[in-house]
1. State the percentage of accessible surface on region 43-151 attributable to carbon and sulfur atoms; use a 1.4 Å probe and exclude ligands, DNA and RNA.
2. How high is the relative contact order of the chain, given as a whole-number percent (alpha carbon pairs under 8 Å, six or more residues apart)?
3. Where is the GNM fluctuation largest for the chain (alpha-carbon springs, 10 angstrom cutoff): Leu53, Leu226, Leu201?
4. Using the Karplus curve 6.51 cos²θ - 1.76 cosθ + 1.60 with θ = phi - 60°, what ³J(HN,Hα) values do you get for each residue of region 147-164, in whole Hz, with x for Gly and Pro?
5. Take region 111-209, drop everything but the C-alpha atoms, weight them equally and run the Debye formula without solvent; then report log10 I(q)/I(0) at 0.11, 0.14 Å⁻¹ to two decimals.
6. Please report how far the C-alpha centroid of region 183-236 lies from that of region 32-74, rounded to the nearest whole angstrom.
7. Counting each pair of different Cα atoms once, what's the Kirkwood radius of region 57-130 in Å, rounded to one decimal?
8. If amide hydrogens are placed 1.01 Å from N in the peptide plane, which non-local residues have theirs closer than 5 Å to the one on Gln48?
Amino acid sequence: MAQLARTIKRRLLHGDAAWAYAFIAIALLVYAMFTAYPVVSAFMISFQEYKPLGSTYVGFENYVNSFGDSLFWKSIRNTIVYTLLTVPVSLLLSFAVAILILPFKKRLQTAFKAVYYLPAVASGVAMSVVWLWIYDPLPSGLMNRLLDVFGIGNQNWLGSSATAMFSLVLMAWLSSHGTSIIIYLAALLGIDNSYYEAADLDGASFFQKLWHVVVPFLRPTTLFLLVTGVIGSFQVFQNAYLMTGGGPDNATTMVGLLIFNNAFKYFEYGEAAAQSLVLALIIAVISYFQFRFLGKDVEY
């Protein structure tokens, strides 16, 4: 047995296996430094009253404080509302645009994909500045100009609790669908034409082909985009931070923004670490149920 173990070890460290370890070494090092180590550190800090020059072990106090904080629960509720309003609509819009692009020739498809993907390349800060101008509460703001056409007065879009969340949701609806559109279009191009021909022979209409041919074939793609979309929306930070700062009256305070404020504004590192782990657990549970109930008949 010892001889067998030495033989296996020798083979793993020589030849092609040695080169394989050499090629993945840098990736493993980067993963260990910037993913594994921060996660382990956050777990340890969540049980401490963290200070740069000396920390005190406090057990589950940070978790108890988080669960007893009404703002923490409000931020979770805001995040859930934001997710429910943005993810399904974003998927539907991306799917609709991909369907509209599909009949065009390849060069025109490429042009449309480039146009729709352009906002994803642009700086998030620059995009937020543009949307701040759109939501300007003065009559010069683009949204208020649009309302004025219908005889509606100026609205303080980002400064009112009644409209602040909707403003962030509308911003998500009208931007950053490029990646989903490209993925959907690639999946649509992967459907064999024989299925459409068979549907035509059966006299299927456009919507019947859409429902009975396209939708079933796109289930793996839709599940992937749904899972990644929910994960991204639960981690949303930039829009709320730059557009509203979480206000007014914490109406747009998301979990990610709350964690950031606790860590870098109030220097409650232990509580921020505990809340980040709770957020990770929530995302993991939601992702599990998405795969459990929506991925039953999905083949990869």
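The values are calculated or read from the model by the stated rules, or taken from the named source; none is laboratory data. Note that the coordinates shown come from a computational prediction; the quantities given were computed from them, not determined experimentally. Every residue, glycine among them, receives a Cβ derived from its backbone with ideal geometry; neighbour counts consider all protein chains shown. Remember, those area values only see protein heavy atoms, side chains included, never the ligands or the DNA or RNA. Shrake-Rupley method; radii C 1.70, N 1.55, O 1.52, S 1.80 Å.
1. Details: 5130 of 7090 Å².
Accessible surface attributable to carbon and sulfur in region 43-151 totals 72 percent.
2. Values: 279 pairs, mean separation 79.0, N = 300.
In percent, rounded to a whole number, it is 26.
3. Of the options given, Leu53 has the highest mean-square fluctuation.
4. The phi angles translate into 5, 4, 4, 9, x, 9, x, 4, 10, 8, 4, 9, x, 10, 4, 6, 10, 4 Hz.
5. Values, matching the q order: -0.56, -0.72.
6. 42 Å
7. Working: mean 1/r = 0.0611 Å⁻¹.
Result for region 57-130, one decimal place: 16.4 Å.
8. Here Val58 satisfy the definition.
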